[in-house]
Amino acid sequence: MINLSTAAPLRAATVTAAAACALLLPSCSSGAGQPQSQGAEETSTTTSSTPLAGMEPCSTLTEQQKKQLDITEPGEILDIEEQTCTWMSGGNDFDISVYKDKPLEEINFSDVDEKEQTEVSGREALLAKESGACSLAFAVTENSSVSVNSTADTPGDTATACELVQKAAPMVEQNIPES
């Protein structure tokens, strides 16, 4: 679950990637907030019915879109969060999580400063803001979702983080295969 805790530090590059989990990435922290494990049969049934079934997190953006977002380095899958690919965009930490079996309603935005319902290309979405960080998660199907997250290079610069996720989320959405 996304836990944008006010106590979590802002992450800086790969050295503090673990802090990013507490700040932006779902189910990275131990204990409360972790998704419950599903049986293999249930997971395969759920994921096979989603357009995200074959989509890998680091392939959610085209090369042209990466250039538009000022991403110059290849993305990296987080060791502790296989459904998440992380990049740098103009000095800002940026990542995309592909949840093949997690509905939008299961992404937890409870610890954020501000949360609002919105849309991404006509899909139901939630925008969550925290000091210097922003997440925009949207539903793909009833049982799957995508989360686009950023932490600004400048501490407390929530506007920059939100500009980036609001620009990137529609790009990711247009790359989702039709179901």
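Taken together, the values in this text are just the output of simple stated rules run on the coordinates, not laboratory data. Since this is a predicted model, take the numbers as computed values, not measurements. Cβ: placed from backbone, ideal geometry, glycine included. Neighbour counts: every protein chain shown.
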ask   = Counting only the backbone N, which residues of the stretch 117-134 are under 16 Å from the spot 7 Å out from the Cα of Thr72 toward its beta-carbon?
value = none
request  = Mind checking the full-extension length gain between Asp79 and Lys167? Use 0.36 nm per residue of separation minus the Cα-Cα distance, one decimal, nm.
outcome  = 29.1 nm
task = Read phi for every residue in the stretch 69-85 and hand back ³J(HN,Hα) as whole Hz from Karplus 6.51 cos²θ - 1.76 cosθ + 1.60, θ = phi - 60°, with x for Gly and Pro.
result = 8, 6, 9, 10, 9, x, x, 10, 6, 6, 4, 8, 8, 4, 8, 10, 10
request  = Pull up the cross-link candidates among the lysines for Lys67, meaning alpha carbon to alpha carbon under 17 Å and not fewer than 8 places away within one chain.
outcome  = Lys167
query = Listed highest first by mean packing, meaning other Cβ atoms within 10 Å per residue, what order do 132-140, 117-125 come in?
reply = 132-140, 117-125
request  = May I ask you to evaluate 6.51 cos²θ - 1.76 cosθ + 1.60, the Karplus curve with θ = phi - 60°, for each residue of the stretch 156-169 and list the ³J(HN,Hα) values in order in whole Hz, giving x for glycine and proline?
outcome  = x, 7, 5, 4, 5, 4, 5, 4, 5, 5, 6, 7, 6, 4
